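The structure appears right after this line, and notes come after that.
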Amino acid sequence: MTLPTHADVVIVGGGVMGASAAFHLAEAGVNVVLLERGELSGGSTSKAAGGVRANFSDELNIMLGKRSLDLFEDFGNRPGQEIDLHRSGYLFVLTRPEDVELFTASVALQNSLGVPSRMVDVDEACRLSPLLNPEGVLAAAWSPEDGHCTPESVVLGYATGARRLGATVRTGVEVTGIATSQGAITQVSTTEGEISTGCVVDCAGAWSPEVASYVGVDLPVTPYKRELLITEPMPEPISMAFTIDYATSFYWHREGPGILTGYSHRETEPGFDISRDADFPERLGELAAVRAPALLDLGVRSGWAGLYEVTPDHNALLGESRNVHRFLYATGFSGHGFLQGPAIGEILRDLYLGREPFIDISPLDVERFTTGDLRPERNIV
């Protein structure tokens, strides 16, 4: 298929952010071209654990998660795709007094914004997460409307919906440059030709700084490898919350008849290498032996490694460049990008159309790293 020679908007990156933006813009009647140099959801999105939640410590992230949960719930109707959504709840297990204090404050903030989370005692935590070993647990934060779904299906749903609404979605096409004139975008160069356009949306995830460099914009995003495993089926499948041992970042949730489990290795060096670590299962097993020893009875079925796109304060970069007209960016979500994708697509649509988004996103502007006006997110794994 020949690449269009003109578009109102060119979106770079075919993960959840790019696909969501394409759908919401096309739905609003905008002429959109989405370009992905690999396959759709082939970057960080397809490697995500699939968690969807509003359990955060920052008001912006709470509201982005809450809005996205509403859109995930209606995904079968709009855009129209089965995403295997399980609202089994999120359970943050807390073993340090300072973490109990942090999550107590976070729950109060979440409640004030309409999220029905609450603190629970150890006995209730064990009922919500039957594999949990209670030893050393002080309390837990429970958000019953959170859960998990299938990232690839979300991207497919948005991309299919965007195409149905007239958008062009092309894979195997790499952006190689962006031309500007007097501070305005005029053209995007690709491996299959040029597209004249006045707007580019950078949704390239861990690769977004490269795209931004074409127009002289600095996006402080660093890639870090994260790995996970999926176990063999459980002898008797049981219901359980998406459970996170906050102190260690060790987590697990149901994935079909088995368990998806992993953790964030804090000493991982930055970089794009996603080769799997030979000792990852052993290190994961050490964490499981403490917090969920029953997992050790299950064999490993599969696993993979992917990239977190991390900013210095673990909050996203979202907005429009102040120096290059109509260069929009949505990146650096630091591990919670998939779950915020639906809301971000709406916001990017509104930014392009000159509408006021449903929340004030100015605190996520990249310029905060120049002014020092940071607001770190702490409820992360």
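Summary table
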| item | result |
| --- | --- |
| Residues of segment 295-312 that turn out to be over 13 Å from Leu260 (Cβ atoms), surrounded by fewer than 14 Cβ atoms within 10 Å (Cβ to Cβ) and touching a residue at least 60 places away in the same chain (Cβ under 8 Å), as a count | 1 |
| Residue tally, condition surrounded by 19 or more Cβ atoms within 10 Å (Cβ to Cβ), of a type outside the set (S, T, N, Q), outside any helix (DSSP H, G or I) and touching a Leu at 6+ places or on another chain (Cβ under 7 Å), over segment 324-360 | 4 |
| Glu39 assigned to a loop (DSSP other than H, G, I, E, B) and in contact with a strand residue (DSSP E or B) (Cβ under 8 Å, 6 or more places away or on another chain) | yes |
| Yes/no for Arg226 being in a strand (DSSP E or B), touching a helix residue (DSSP H, G or I) at 6+ places or on another chain (Cβ under 9 Å) and among the basic types (Lys, Arg) | yes |
| Residue satisfying all of: in segment 163-182; in a loop (DSSP other than H, G, I, E, B) and under 25 Å from the mean Cα position of the chain (by Cα); nearest to Ala19 (Cα to Cα) among these | Ala167 |
| Filtered residue count, segment 270-293, keeping only those that are in contact (Cβ under 8 Å) with a residue 40 or more places away in the chain and either within 29 Å of Phe103 (Cα to Cα) or open to solvent by less than 30 Å² (accessible area, probe 1.4 Å) (or both) | 9 |
| Tabulated pairs, segment 316-330, first over 14 Å from Thr180 (Cα atoms), second modelled with pLDDT of 95 or more and hydroxyl-bearing (Ser, Thr, Tyr), C-beta under 6 angstrom, 6+ apart or interchain | Leu317/Tyr329; Leu317/Thr331 |
| Residue among Glu101, Glu152 that alone is closer than 30 Å to Leu34 by Cα, in a helix (DSSP H, G or I), open to solvent by 50 Å² or more (accessible area, probe 1.4 Å) and not aromatic (Phe, Trp, Tyr) | Glu152 |
| Segment 208-232: number of residues that are of a type in the set (Asp, Glu) and either open to solvent by less than 50 Å² (accessible area, probe 1.4 Å) or without any contact (Cβ under 8 Å) to a residue 60 or more places away in the chain (or both) | 2 |
| Failed item, numbered, when Phe72 is tested on (1) buried (at least 24 other Cβ atoms within 10 Å of the Cβ); (2) part of a helix (DSSP H, G or I); (3) not aliphatic (A, V, I, L, M) | (1) |
| Hits in segment 124-155 - residues which are under 24 Å from Val290 (Cα atoms) and charged (D, E, K, R) | Glu124, Arg127, Glu135 |
| Subset tally (residues that are modelled with pLDDT of 95 or more and open to solvent by 50 Å² or more (accessible area, probe 1.4 Å)) for segment 45-69 | 2 |
| Evaluation of Pro235 against (1) modelled with pLDDT under 95; (2) open to solvent by less than 10 Å² (accessible area, probe 1.4 Å); (3) not in a strand (DSSP E or B) (one fails), failing number | (2) |
| Odd one out for Glu145, checked against (1) of a type in the set (Asp, Glu); (2) buried (at least 17 other Cβ atoms within 10 Å of the Cβ); (3) not in a loop (DSSP other than H, G, I, E, B) | (3) |
| Test: Arg378 is modelled with pLDDT of 95 or more, open to solvent by 10 Å² or more (accessible area, probe 1.4 Å) and basic (Lys, Arg) | no |
| Residue within segment 201-217 that is assigned to a strand (DSSP E or B), modelled with pLDDT of 95 or more and in contact with a strand residue (DSSP E or B) (Cβ under 6 Å, 6 or more places away or on another chain) present | yes |
| Given (1) in contact (Cβ under 8 Å) with a residue 24 or more places away in the chain; (2) under 22 Å from His148 (Cα atoms); (3) not in a strand (DSSP E or B), index of the condition Ile244 fails | (3) |
| Condition met for Val137 (assigned to a loop (DSSP other than H, G, I, E, B), among the β-branched types (Val, Ile, Thr) and farther than 26 Å from Gly341 by Cβ) | yes |
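Matching residues to (1) assigned to a loop (DSSP other than H, G, I, E, B); (2) touching a Pro at 6+ places or on another chain (Cβ under 8 Å); (3) farther than 18 Å from Ser57 by Cβ; (4) open to solvent by 10 Å² or more (accessible area, probe 1.4 Å):
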position: Arg78; (1), (2), (3), (4): yes, no, yes, yes
position: Ile83; (1), (2), (3), (4): yes, no, yes, no
position: Leu91; (1), (2), (3), (4): no, no, no, no
position: Ser106; (1), (2), (3), (4): no, no, no, no
position: Pro116; (1), (2), (3), (4): yes, yes, no, yes
position: Ala125; (1), (2), (3), (4): no, yes, yes, no
position: Pro130; (1), (2), (3), (4): yes, no, yes, yes
position: Gly161; (1), (2), (3), (4): no, yes, yes, no
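The values are calculated or read from the model by the stated rules, or taken from the named source; none is laboratory data. Computed from a prediction, not measured in an experiment: that's the story for all the values here. FYI the Cβ positions are ideal-geometry reconstructions off the backbone, even for glycines, and counts take in every protein chain you see. With ligands, DNA and RNA removed, areas are computed over all heavy atoms of the protein, side chains included. Shrake-Rupley method; radii C 1.70, N 1.55, O 1.52, S 1.80 Å.
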